[in-house]
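Okay, so here's the structure we're looking at.
The values are calculated or read from the model by the stated rules, or taken from the named source; none is laboratory data. It should be emphasised that the depicted structure is a prediction, and the values quoted were computed from it without experimental measurement. Glycine gets a Cβ as well: all are built from the backbone with ideal geometry, and neighbour counts include every protein chain shown. The area values use the complete protein model at the heavy-atom level, side chains included, leaving out ligands, DNA and RNA. Shrake-Rupley method; radii C 1.70, N 1.55, O 1.52, S 1.80 Å.
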Amino acid sequence: MSLLYATVGQAGGTAFLAIMAFASFPAAEMRPTALFLNIVAAGYATWRLHQRAAIERTTLLRVTLPSLVTALAGGLLVLNGRVYFILTGLLLVAAAALMAFKRTVDTLEARSIQLLPAAAVGAGAGFVSGLTGVGGGVFLTPFIIALGWMSPRRAAALSPPFILCNSVMGLLGVLLAGQELTRDTAFYSFGALAGAIVGSAIGLRWMSERDTRYALGVILLFAGIRLIYR
C-alpha cells in the first residue's frame, strides 16, 4: 500500500489504518502507528523530491506552518472508535469526488497562492491529520487541486513534506494523549520504506497529470469506503 500511495505523493496513512482495522489492531494503537509509518514513508519521499528540486518552498511554508499547531491539537483529541472511522471515511470519499470532477486542473500553470487562504487550508488539513492519523496529504492535495491552485503533479510534490511535518506533530499529540505504538512498529516500517522507495520512483518518472489525479481519486475512494464499512 505504501508503494501504491507513493506514486501519487501520499504516504499511505489511510491504507495503514484500513489494514490495521482489517487485522483487528487495538484502536488505541492504530492512530499512533499510522502516523509513525507516515513519517517513514513521507520522510523518504521528501528527500527524493528535495534532490530533484521539485518542492515549491514558498507554498509549502504557507500551508505547513499553520498546520503544525492544529495537527498537535488534533492529536490531543481522542474520538470514539466508530465515530472516528465514519468521519475519516466520509472525508476521504468527499476528497475522491473532487478528484473525479476537477478535470481542468491538469493543464494549470504555476501561480502565486495567497497567504490567508493557504494558511486556512493548511490549518484545516493539519487538524484533521492529527485527529484521524492519516497525515493530512489526502486532504490537502485534493483541496489544492479543486481550488485550482496547482496541477495534480505539483500538488502531489507538495504533499510528502506536508505529511512529514504534520505526522510528527500529530504523533506528539497522540502520545501525549496516552495512545501508544504497536510493539511491531519497527518491523512494519521496513515495508513502508520499501514501498515508498519504489512508488516514489514510479510517480516521479511515469505518472502524468491525469494519471495522478485519477489514481489518487481511486485510492481515496477505496480507503474511505473501507473505513466506513469497517
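Observations on the model:
- In the set THR64, THR33, only one residue is of a type in the set (Ser, Thr, Tyr) and in contact with a Cys (Cβ under 6 Å, 6 or more places away or on another chain); that residue is THR64.
- Considering residues of the stretch 150-207 that are hydroxyl-bearing (Ser, Thr, Tyr) and in contact with an Asp or Glu (Cβ under 7 Å, 6 or more places away or on another chain) only, the residue modelled with the highest pLDDT: THR182
- Residue match in the stretch 152-175 (condition: open to solvent by 50 Å² or more (accessible area, probe 1.4 Å), closer than 21 Å to MET20 by Cα and more than 14 Å from the chain's Cα centre (by Cα)): yes
- Looking only at residues of the stretch 91-128 that are touching a Ser or Thr at 6+ places or on another chain (Cβ under 7 Å) and under 22 Å from GLY13 (Cα atoms), we find that the one that is modelled with the lowest pLDDT is LEU92.
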